[in-house]
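In what follows, a structure is listed as structure tokens, so that the remarks can point back to it.
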Amino acid sequence: MIVSTNQSQRGFTIIELLIVVFIFASLAAYAVPSLKGAFSEQRLESATATLMQSIQKAKKIAHAESAFVDVTISANTVSIQKRNDGTTQIITLPAQIDVEETVNFRFNTIGNVFVFDALGDPTPAVGNTPVALKSISSGIIRTVVVSNIGNVTSHYEQP
């Protein structure tokens with residue numbers, strides 16, 4: 001009986017496998033930071049949209065129901081309170097988003113904006129009322145601005 005010793009072996013050597021694993025690990029290490037940045041920007045964009053919708057909702061409630069509506073924006077929540085019946089609605093902003101400082105303002109029955117002075121009394125807003133949202137992970141700041149007539153806009157600020 002003749003045994004053939006020239007059988008071709010198929011497969012990869014350990015060196016070849018290690019090279020492929022190293023290449024994939026290098027690509028992953030390069031891609032992960034950019035993915036984290038994309039996720040934090042998406043959370044910031046979502047928080048901005050939520051905040052803008054909440055402010056516009058408060059203005060519509062004030063106008064439609066002829067009620068004074070207080071808006072308080074702090075930490076990661078937006079509080080909308082109707083003054084005539086005390087109804088309060090709390091809206092939570094997405095995680096990892098921080099409000100730079102607490103902002104309080106009031107819409108009157110026609111949607112104009114009033115800010116609160118040091119004594120807590122509402123006074124007509126002269127200029128714009130800015131609300132800065134900051135992504136904790138990326139440091140990017142998005143500012144939502146409420147004008148004295150209740151218009152809402154936003155813009156980015158790079159760190």
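Between a first residue in the stretch 73-95 that is under 11 Å from ALA47 (Cβ atoms) and a second residue that is among the acidic types (Asp, Glu) and part of a strand (DSSP E or B), which pairs have beta carbons less than 9 Å apart while being 6 or more apart in sequence or on different chains?
Cβ pairs passing all conditions: ASN76/ASP98.
Look at SER66 and say whether it is assigned to a loop (DSSP other than H, G, I, E, B) and either in contact with a Gly (Cβ under 8 Å, 6 or more places away or on another chain) or of a type in the set (S, T, N, Q) (or both).
In short, yes.
If I ask for residues that are among the β-branched types (Val, Ile, Thr) and over 11 Å from ILE97 (Cα atoms), which ones from the stretch 31-62 would you list?
Across the stretch 31-62, the qualifying residues are VAL32, THR50, ILE55, ILE61.
Would you confirm whether any residue within the stretch 44-51 is acidic (Asp, Glu), outside any loop (DSSP other than H, G, I, E, B) and closer than 20 Å to VAL145 by Cβ?
yes
Which residue pairs have Cβ atoms under 6 Å apart, sit 6 or more places apart or on different chains, and have a first residue in the stretch 142-159 that is more than 17 Å from THR109 (Cα to Cα) and at pLDDT below 85 and a second that is of a type outside the set (Lys, Arg) and assigned to a strand (DSSP E or B)?
That search, which allows pairs on different chains as well, returns HIS155/THR143; GLU157/ILE141.
Checking GLY120 against (1) among the small types (Gly, Ala, Ser); (2) in a loop (DSSP other than H, G, I, E, B); (3) at pLDDT 80 or above, which test does it fail?
GLY120 satisfies all of (1) among the small types (Gly, Ala, Ser); (2) in a loop (DSSP other than H, G, I, E, B); (3) at pLDDT 80 or above except (3).
Tell me the residue from ALA132, ALA95 that is assigned to a loop (DSSP other than H, G, I, E, B), of a type outside the set (Asp, Glu), within 12 Å of the chain's Cα centre (by Cα) and closer than 30 Å to PRO33 by Cβ, please.
That would be ALA95, the only listed residue that is assigned to a loop (DSSP other than H, G, I, E, B), of a type outside the set (Asp, Glu), within 12 Å of the chain's Cα centre (by Cα) and closer than 30 Å to PRO33 by Cβ.
The values are calculated or read from the model by the stated rules, or taken from the named source; none is laboratory data. None of the values given here were measured: they were computed from a predicted structure. Note that each Cβ is placed from the backbone with ideal geometry, even for glycine, and that neighbours are counted across all protein chains shown.
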